[in-house]
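My questions all concern the structure below.
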There are 2 protein chains.
Amino acid sequence: MEVTKLEEISKLLRYYILTSTTEAGSGHPTSSLSAVELMATLFFGGYLKYNLEDPTFLNNDRIIFSKGHASPLYYSLWTAAKAIDSNELMNLRKLNSDLEGHPTSNFKFTDAATGSLGQGLSAGVGLALNSKYLDKSNYKTYVLLGDGELSEGSIWEAANVASHYKLNNLIAILDCNRLEQASETILGWDLKTYKARFESFGWYVIEVENGHDVQQIITAFEQIKNSTDKPICIVAKTVKGKGIKNIEDKVEWHGKALKREELENAMHDLGKINFSIDCNVLKPDDFKQTEPQIGNFNWSEYKLGEFVATRKAYGNALNVLAEKYPELIVMDGGTQNSTHSEVFQKKHPERFFDMYIAEQNMISAALGLTRVNKIPFVSTFAAFFSRAFDQIRMSQYSNSNIKFVGSHAGVSIGEDGSSQMGLEDIAMFRSVQDCAVLYPSDAVSMERAVYLAAEHKGNVYIRSTRMDTPVIYSNENAFKIGGSKIVKESVYDSITVVGAGVTLHEALKAYETLKEKNIFIRVVDLFSVKPIDYATLSKCIRETKAILIVEDHYAEGGIAEAIRSELANVKTKIFSLCVSKMPHSGKPSELLDYEEISSKFIVEKVKEIINSF
Amino acid sequence: MEVTKLEEISKLLRYYILTSTTEAGSGHPTSSLSAVELMATLFFGGYLKYNLEDPTFLNNDRIIFSKGHASPLYYSLWTAAKAIDSNELMNLRKLNSDLEGHPTSNFKFTDAATGSLGQGLSAGVGLALNSKYLDKSNYKTYVLLGDGELSEGSIWEAANVASHYKLNNLIAILDCNRLEQASETILGWDLKTYKARFESFGWYVIEVENGHDVQQIITAFEQIKNSTDKPICIVAKTVKGKGIKNIEDKVEWHGKALKREELENAMHDLGKINFSIDCNVLKPDDFKQTEPQIGNFNWSEYKLGEFVATRKAYGNALNVLAEKYPELIVMDGGTQNSTHSEVFQKKHPERFFDMYIAEQNMISAALGLTRVNKIPFVSTFAAFFSRAFDQIRMSQYSNSNIKFVGSHAGVSIGEDGSSQMGLEDIAMFRSVQDCAVLYPSDAVSMERAVYLAAEHKGNVYIRSTRMDTPVIYSNENAFKIGGSKIVKESVYDSITVVGAGVTLHEALKAYETLKEKNIFIRVVDLFSVKPIDYATLSKCIRETKAILIVEDHYAEGGIAEAIRSELANVKTKIFSLCVSKMPHSGKPSELLDYEEISSKFIVEKVKEIINSF
């Protein structure tokens, strides 16, 4: 590919960027213009290998715009490649177009929805892990980074883990244009320091002094192959708004489209555009995935009454299901001996990735894996998923399929205290659209939850419990997403107590105490917090006089709120017991009492409700 | 201080660590033992300056255990210093003791609750910013870091911002003991790489080859003063479990207390303890804060009907209140020209910190500021607070006083698309205990919200809106946390429509449309989402036939769920309209229609409800 041809293509890309954003009346032309030559060379200089007719082809190279606001460039590249029509490009940012303000998976070439900065490199880590260790294919993963987003810690989480796993198939391209939204970046054009940072994090760094000089960029891309076991970062000095005099290198021109009259002047700067120039993307190498061997499995044989923590049952379940789901991959945030994912790590080390204490990177890397048909189960303490809420939130816009498993839920973890207690995890995962939330109460239902999560297409959160709890189900019991279980039932039931996890066992203790006083309660194991089993709860509403919900979680966004929303406007009264005092260190049983969610307080509350009728 | 004395003190600290954890039956003795000499030298070697009788004294040095699980060492240090009684130490991890499993602000010397890793350095950034730029005092801030937590990106956010602000009064002490919970860390004892990383991030690094050699540690502390404008990191090679043969450098000994018989053996390893050894902490230098000048202010004079975005009113309000609250400090995550905190930045640059695109560090740094009586207002897009949910969650255990202001809430932001839309922010902030949530609908009520937040002791979240909305209140209107406003009211009201922010204005449009058809609705501006104004809503329940809640937020954990919980078991029916389709780029008005939360859909829903009676 001649340099002059890439320069002509760059001109065409600038034309597309400017016209589409002016047509939209908003967007980020200047942040797009700085990376034009870098991306033109990648796409059309003989580096990117991609089957434009089949974005799902497993050996396509991957390209992620971590600086998602450069979407006008992103869409322009696919337009130049004739993968989308140039008329469609003019629908940028419109309600009926897939070309959204920041890329989402509505646009078929998107591997990771971006727009919240600093996440793209981690998605790239997941894709690169897959190519190197799982599929053993030979695609490369390219990530366009902005310099502003290098302030985000998640970038350095990714950098650290990428070099640990020797991801020499991961190429970050840093578009160092000096300016972020409101000011100069901390480092400005200090390329030497960026280089030193990436090198200290174990990367092979290639400097490009002028990121608009196509020849320099080609030289840089040619050096990629020199890295035998390090991820690669091309650090390129660029100019924001490059090519259009009036807006070049000006902080006030962030996220602003040119007005129509300004566009006309800009066209003069650009000069003549060659609309018929050939923009060829190389085809990817052939690749045929080894046909996975799908094996059988037998449910574990837990004994009724046996004490098994559901977190332990989680680890066991992964091993039970490993042969049935060859695409099942497990990641842990360095807590595998607490979440019990380590039993899978020991048996299937080739399908386990220790992601160390870096939850943000873990989640986006898992997202990357879902793009290549893997089923990642990611585990850490329920509380620590809050560290990656932004990544979890963003995953839903990437049509994600992650299985989150949070251990150490609630005050019932005991002495470690509030920092380790997941008390808002249900609120968080419920707020993610289309994310199922399961909360199994014993080992058998945990194993079913893991199975259901593997079968389900979409995000699923499973909450596990630290303490041992008795097995209450046999393998004959059926479970489903959106299902619950009536555990105690009689025609004498006065009110229904809904529990889940540890509170179900408290409810069962309360049942026994109350029975001795000839008070019968119906006990429901909610199991599926989202979606809620409306049918079963409706039946309880018809057949008992009130509903009492007990949860080891804060009130806000928790189980009671979920049920109240689902049962809105029923006449039956709904009561709740939940964690409502500032939590503390202490023995698990003491803390259940302290927060008034133990059997003792269930008994009291039931009596109080009955007396109020 | 003689080396041998510090060695003897170290022995005493080991004794306290081991006996208190064995007594508790849990905890992290090995993670404590590795840092004994480092902390003994800091506390009792003539470095830390602290008035033990007054932890609130503003010129005390600050000490944060970012590796919060080393709390047995932390409490042992204060015990040795006789700031707490050694009998009390034996109540470690008990429900009635302030010595929790991980430090919280229940313990009076705690500056930042830790236990979720990687957050302490950022709290230190806030404290160091205060000393250097605000109080202009001369305390130093020491942060004990674990090596495992250096995988957390938040550490590198802090490192980046700390060197930018030349915080040579911030000293990180890296206890590099090679082992994290479940495995060796990525870098093990590779001190050179840690050094290179911190140096590339602009720090002055001092290596300690043997972190148990008191003389080497003293030499390191003596070098701190050599740093004229860089934050300092002491990188020390240590051994986990140091001093007790059977548990030294063993990964399986993480987070495990010795059994009583094991403790006996350990005591042999320790040898004779000198319980009467003098453990002196230096007194801090005198410091008298300049008495702040408290000025007056006048409310802005917005005109009824004038169109002003509430985000703009936020920026104005900061300036209006700046003299009245000299302790009011503003931080922004690099979005100050969008959140409009930049108007404060321009007028009060000495009270504004650009925290760049690093939300996690910003929140914990703000927490640090609250410990020295500052009132930090922190702003970014509502969506991007999700990046720091773990830090926000943890702040409540530090008795925090942060004012969070999230702009660009809801789908009404328009073309930028889903990644930029705050659609779960209310759910997130509601789940933080004791965090008030305010959602003003016009410029006047925004100014009041900022005032109320400044007055209120505790965390407050304020949600602002991107688009211009008309001013509907005059300065005669009173607002309060926990208050709402009835905006339209008559004796003919059939049902009550509750809106907030942009949906209030949709409700007001619906009011006009319905009035033409002789249907009267009561319109309530919720204003305070947490706590909810129960009295006003109760009145509406008595006086109208149904409640319809309209919100630009997902259903889960949102306004409708908040109201349903608050109005649990009332007989009046409650309906809701909220964001329920996967959001998209588009025009704000199109998106309000698309999500069926616009006036058009309010009108339809009201009619449907009325027809159902």
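Return the residues of region B:139-159 that are of a type in the set (S, T, N, Q) and either at the interface with chain A (Cβ under 8 Å from one of its Cβ atoms) or without any contact (Cβ under 8 Å) to a residue 12 or more places away in the chain (or both); say none if nothing qualifies.
Let us first name the residues in region B:139-159 that are of a type in the set (S, T, N, Q), namely B:141, B:151, B:154.
Answer for region B:139-159, where residues must be of a type in the set (S, T, N, Q) and either at the interface with chain A (Cβ under 8 Å from one of its Cβ atoms) or without any contact (Cβ under 8 Å) to a residue 12 or more places away in the chain (or both): B:Ser151, B:Ser154.
If you scan region A:204-237, which residues turn out to be surrounded by 24 or more Cβ atoms within 10 Å (Cβ to Cβ) and either in a loop (DSSP other than H, G, I, E, B) or modelled with pLDDT under 95 (or both)?
Passing the criteria: A:Gly211, A:Pro231.
Hey, another quick one. Are any residues in region A:342-394 within 30 Å of A:Met467 (Cβ to Cβ) and among the β-branched types (Val, Ile, Thr), and if so, which ones?
The answer is A:Val343, A:Ile357, A:Ile363, A:Ile375, A:Val378, A:Thr380, A:Ile392.
Given (1) closer than 18 Å to A:Asn361 by Cα; (2) touching a Phe, Trp or Tyr at 6+ places or on another chain (Cβ under 9 Å); (3) touching a residue at least 40 places away in the same chain (Cβ under 8 Å), where does A:Phe198 come up short, assuming only one miss?
(3)
Then there is this: Residues of region B:2-58 being touching a residue at least 60 places away in the same chain (Cβ under 8 Å), hydroxyl-bearing (Ser, Thr, Tyr) and under 19 Å from B:Asn274 (Cβ atoms), which ones?
So in region B:2-58, the residues touching a residue at least 60 places away in the same chain (Cβ under 8 Å) come out as B:3, B:5-16, B:18-31, B:33-52, B:57-58.
From what is left, the residues that are hydroxyl-bearing (Ser, Thr, Tyr) are B:10, B:15-16, B:19-22, B:26, B:30-31, B:34, B:41, B:47, B:50.
Those that are touching a residue at least 60 places away in the same chain (Cβ under 8 Å), hydroxyl-bearing (Ser, Thr, Tyr) and under 19 Å from B:Asn274 (Cβ atoms): B:Ser10, B:Tyr15, B:Tyr16, B:Thr19, B:Ser20, B:Thr41.
Please go through region B:409-463 and pick out each residue that is in contact with a Phe, Trp or Tyr (Cβ under 7 Å, 6 or more places away or on another chain), of a type in the set (Asp, Glu) and more than 8 Å from chain A (Cβ to nearest Cβ).
Listed by number, the residues that qualify are B:Asp425, B:Asp442, B:Glu447.
Take A:Lys240 and decide whether it is among the basic types (Lys, Arg), in contact with a strand residue (DSSP E or B) (Cβ under 9 Å, 6 or more places away or on another chain) and modelled with pLDDT of 95 or more. Full working, then the answer.
Details: among the basic types (Lys, Arg): yes; in contact with a strand residue (DSSP E or B) (Cβ under 9 Å, 6 or more places away or on another chain): yes; modelled with pLDDT of 95 or more: yes.
Against the criterion (among the basic types (Lys, Arg), in contact with a strand residue (DSSP E or B) (Cβ under 9 Å, 6 or more places away or on another chain) and modelled with pLDDT of 95 or more), A:Lys240 qualifies.
Further question on the same structure: Regarding region B:118-125, can at least one residue be identified that is out of contact with any strand residue (DSSP E or B) (no Cβ under 7 Å at 6 or more places or on another chain), surrounded by fewer than 24 Cβ atoms within 10 Å (Cβ to Cβ), of a type in the set (Gly, Ala, Ser) and not in a helix (DSSP H, G or I)? Walk me through it before giving the result.
Let us first name the residues in region B:118-125 that are out of contact with any strand residue (DSSP E or B) (no Cβ under 7 Å at 6 or more places or on another chain), namely B:118-119, B:122.
Keeping just the survivors that are surrounded by fewer than 24 Cβ atoms within 10 Å (Cβ to Cβ) gives none.
No.
Sort through B:Leu187, B:Leu145, B:Leu150 and tell me the only one that's more than 23 Å from A:Phe353 (Cα to Cα) and either assigned to a strand (DSSP E or B) or of a type outside the set (Gly, Ala, Ser) (or both).
B:Leu145
Still on this structure, I have one more. Can you tell me how many residues within region B:327-369 are outside any helix (DSSP H, G or I) and either within 21 Å of B:Asn160 (Cα to Cα) or modelled with pLDDT under 95 (or both)? Steps first, please.
Step one: list which residues in region B:327-369 are outside any helix (DSSP H, G or I), which gives B:327-335, B:340-341, B:348, B:352-358.
Add one more test, that the residue is either within 21 Å of B:Asn160 (Cα to Cα) or modelled with pLDDT under 95 (or both), and what stays is B:329-335, B:352-358.
Result for region B:327-369: 14.
Can you name the number of the only condition in (1) within 14 Å of chain A (Cβ to nearest Cβ); (2) surrounded by 11 or more Cβ atoms within 10 Å (Cβ to Cβ) that B:Asp269 fails?
(1)
Out of region B:322-369, which residues are farther than 14 Å from B:Val125 by Cα, within 12 Å of chain A (Cβ to nearest Cβ) and within 15 Å of the chain's Cα centre (by Cα)?
Within region B:322-369, B:Asp332, B:Gly333 meet the criteria.
Taking the stated definitions as given, is B:Lys136 surrounded by fewer than 24 Cβ atoms within 10 Å (Cβ to Cβ), in contact (Cβ under 8 Å) with a residue 12 or more places away in the chain, of a type in the set (Lys, Arg) and under 30 Å from B:Phe352 (Cβ atoms)? Step through it out loud before you land on a result.
Working: surrounded by fewer than 24 Cβ atoms within 10 Å (Cβ to Cβ): yes; in contact (Cβ under 8 Å) with a residue 12 or more places away in the chain: no; of a type in the set (Lys, Arg): yes; under 30 Å from B:Phe352 (Cβ atoms): yes.
In short, no.
So is B:Gly68 surrounded by 24 or more Cβ atoms within 10 Å (Cβ to Cβ) and farther than 23 Å from B:Cys279 by Cα or not?
The answer is no for B:Gly68.
If B:Lys324 passes every condition in (1) out of contact with any Asp or Glu (no Cβ under 8 Å at 6 or more places or on another chain); (2) assigned to a loop (DSSP other than H, G, I, E, B); (3) farther than 23 Å from B:Ile294 by Cα but one, which one does it miss?
B:Lys324 satisfies every listed condition except (3).
Within 23 Å of the chain's Cα centre (by Cα), part of a helix (DSSP H, G or I) and facing another protein chain (nearest Cβ under 9 Å) - does that describe any residue in region B:164-171?
The answer is yes; a qualifying residue exists.
State the number of residues belonging to region B:385-413 that are aromatic (Phe, Trp, Tyr) and touching a strand residue (DSSP E or B) at 6+ places or on another chain (Cβ under 8 Å). Quick ask: steps written out before the conclusion?
Applying the first criterion (aromatic (Phe, Trp, Tyr)) to region B:385-413 yields B:385, B:389, B:397, B:404.
Of the ones still in play, those that are also touching a strand residue (DSSP E or B) at 6+ places or on another chain (Cβ under 8 Å) are B:385, B:404.
Final tally of qualifying residues: 2.
Being within 14 Å of chain A (Cβ to nearest Cβ) and among the acidic types (Asp, Glu) is the filter here; which residues of region B:191-211 pass it? It would help to see each step written out before you state the result.
Taking region B:191-211 first, the residues within 14 Å of chain A (Cβ to nearest Cβ) are B:191-203, B:205.
Of everything in region B:191-211, just one residue is within 14 Å of chain A (Cβ to nearest Cβ) and among the acidic types (Asp, Glu), namely B:Glu199.
A quick yes/no check of all residues on (1) in contact with a Cys (Cβ under 8 Å, 6 or more places away or on another chain); (2) touching a residue at least 12 places away in the same chain (Cβ under 8 Å); (3) closer than 23 Å to A:Glu566 by Cα:
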residue	(1), (2), (3)
B:Gly501	no, yes, no
B:Leu504	no, yes, no
B:Ala510	no, yes, no
B:Ile521	no, yes, no
B:Glu543	no, yes, no
B:Ser565	no, no, yes
B:Ala568	no, no, yes
B:Ile574	no, yes, yes
B:Met582	no, yes, yes
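Of the residues B:Leu33, B:Leu42, which single one is under 22 Å from B:Trp253 (Cα atoms) and away from every other protein chain (no Cβ under 14 Å)? Break it down into steps so the answer makes sense when it comes.
Values: B:Leu42 fails: under 22 Å from B:Trp253 (Cα atoms).
Criteria check complete, one pass: B:Leu33.
Looking at region B:581-613, which of the residues that are farther than 13 Å from B:Val411 by Cβ and among the β-branched types (Val, Ile, Thr) is farthest from the chain's Cα centre (by Cα)?
B:Ile610
Here is a follow-up. Condition test on A:Glu512, is it more than 26 Å from the chain's Cα centre (by Cα), of a type in the set (Asp, Glu), assigned to a loop (DSSP other than H, G, I, E, B) and surrounded by fewer than 24 Cβ atoms within 10 Å (Cβ to Cβ)?
Working: more than 26 Å from the chain's Cα centre (by Cα): yes; of a type in the set (Asp, Glu): yes; assigned to a loop (DSSP other than H, G, I, E, B): no; surrounded by fewer than 24 Cβ atoms within 10 Å (Cβ to Cβ): yes.
Considered against the rule, which asks whether it is more than 26 Å from the chain's Cα centre (by Cα), of a type in the set (Asp, Glu), assigned to a loop (DSSP other than H, G, I, E, B) and surrounded by fewer than 24 Cβ atoms within 10 Å (Cβ to Cβ), A:Glu512 comes out as no.
Let me ask something else about it. List every residue pair whose Cβ atoms sit under 9 Å apart, with the two residues 6 or more apart in sequence or on different chains, where the first one lies in region A:238-255 and is within 14 Å of chain B (Cβ to nearest Cβ) and the second, anywhere, is among the acidic types (Asp, Glu) and assigned to a loop (DSSP other than H, G, I, E, B).
Every condition considered, the pairs that remain are A:Val251/A:Glu180; A:His254/A:Glu180; A:Gly255/B:Asp416.
Out of everything in region B:77-130 that is among the hydroxyl-bearing types (Ser, Thr, Tyr) and touching a residue at least 60 places away in the same chain (Cβ under 8 Å), what residue ends up being farthest from the other protein chains (Cβ to nearest Cβ)?
For region B:77-130, the residue satisfying everything is B:Ser86.
The values are calculated or read from the model by the stated rules, or taken from the named source; none is laboratory data. None of these values were measured; they are calculated from a predicted model. Backbone-built Cβ (ideal geometry, glycine too); neighbour counts: all protein chains shown.
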